[in-house]
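**Student:** One structure follows; several queries about it will come next.
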Amino acid sequence: QVQVVESGGGLVQAGGSLRLSCEASGVILRLDKMAWYRQCPGKQRELVASIRSGGSTNYADSVKGRFTISREDAKNLVYLQMNSLKPEDTAVYYCVMVVVGSDYWGQGTRVTVSS
C-alpha cells in the first residue's frame with residue numbers, strides 16, 4: 001500500500017509565496033506521473049500542474065509563470081512552488097502520485113490567500 005501526505009499549506013497574503021510538499025511512503029516500485037490538483041470553494045477539482053518521470057511538466061493556464069512543480073524521486077517527493085499568489089488561488093490542494101499505473105491521493109492541504 002502507498003500513503004501520500006501533503007504539507008505546506010497555510011494563510012498568506014496576496015503576492016506572497018508558499019511551497020507545498022508531498023511525500024509518498026510504503027511499497028513504491030516505480031513513481032510515474034506526479035501531479036497537484038486543487039478544489040476552490042464551490043468549484044470542481046482541477047489540475048494545477050503535473051510532472052512525468054522524464055521531467056516534462058504541464059500547467060494550468062491560470063498558474064503558468066507563477067507556479068513550479070518539481071520532483072525528488074530519491075525521496076519520493078513532489079513540490080509545488082507557488083509565487084505571486086492571488087486570492088483566487090485559495091483552495092484545498094491535493095497531491096496524486098501514480099505508482100506503477102495506480103493513482104494514490106493525499107488528503108489535501110488548505111491554502112488561503114488573503115487580499
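The values are calculated or read from the model by the stated rules, or taken from the named source; none is laboratory data. This structure is a prediction, so every number in the text was calculated from the model and none was measured. Every residue, glycine as well, gets a Cβ built from its backbone with ideal geometry; the counts of neighbours run over all protein chains shown. Remember, those area values only see protein heavy atoms, side chains included, never the ligands or the DNA or RNA. Shrake-Rupley method; radii C 1.70, N 1.55, O 1.52, S 1.80 Å.
**Student:** Residues of segment 59-91 being open to solvent by 30 Å² or more (accessible area, probe 1.4 Å), under 12 Å from the mean Cα position of the chain (by Cα) and of a type outside the set (Ser, Thr, Tyr), which ones?
**Tutor:** Of everything in segment 59-91, those that are open to solvent by 30 Å² or more (accessible area, probe 1.4 Å), under 12 Å from the mean Cα position of the chain (by Cα) and of a type outside the set (Ser, Thr, Tyr) turn out to be ARG71, GLN81.
**Student:** Follow-up question, since we're still on this one. State all residues of segment 39-58 that are touching a Leu at 6+ places or on another chain (Cβ under 9 Å) and open to solvent by 30 Å² or more (accessible area, probe 1.4 Å); if no residue qualifies, say none.
**Tutor:** Going residue by residue through segment 39-58, those that are touching a Leu at 6+ places or on another chain (Cβ under 9 Å) are 48-49, 53, 58.
Matches in segment 39-58: SER53, ASN58.
**Student:** In addition: Would you pick out the residues in segment 26-38 that are within 14 Å of TRP105 (Cβ to Cβ) and exposed (fewer than 15 other Cβ atoms within 10 Å of the Cβ)?
**Tutor:** Residue satisfying the conditions is GLY26 alone.
**Student:** Got a number for residues in segment 53-98 being among the basic types (Lys, Arg), more than 13 Å from LEU18 (Cα to Cα) and at pLDDT 95 or above?
**Tutor:** Going residue by residue through segment 53-98, those that are among the basic types (Lys, Arg) are 64, 66, 71, 75, 86.
Adding the requirement that they be more than 13 Å from LEU18 (Cα to Cα) leaves 64, 71, 75.
Checking the rest, the ones that are also at pLDDT 95 or above come to 64, 71.
Residues flagged as among the basic types (Lys, Arg), more than 13 Å from LEU18 (Cα to Cα) and at pLDDT 95 or above within segment 53-98 amount to 2.
**Student:** Something else: Filter segment 1-13 for residues that are surrounded by 14 or more Cβ atoms within 10 Å (Cβ to Cβ) and outside any strand (DSSP E or B) and give the result.
**Tutor:** GLY8, GLY9
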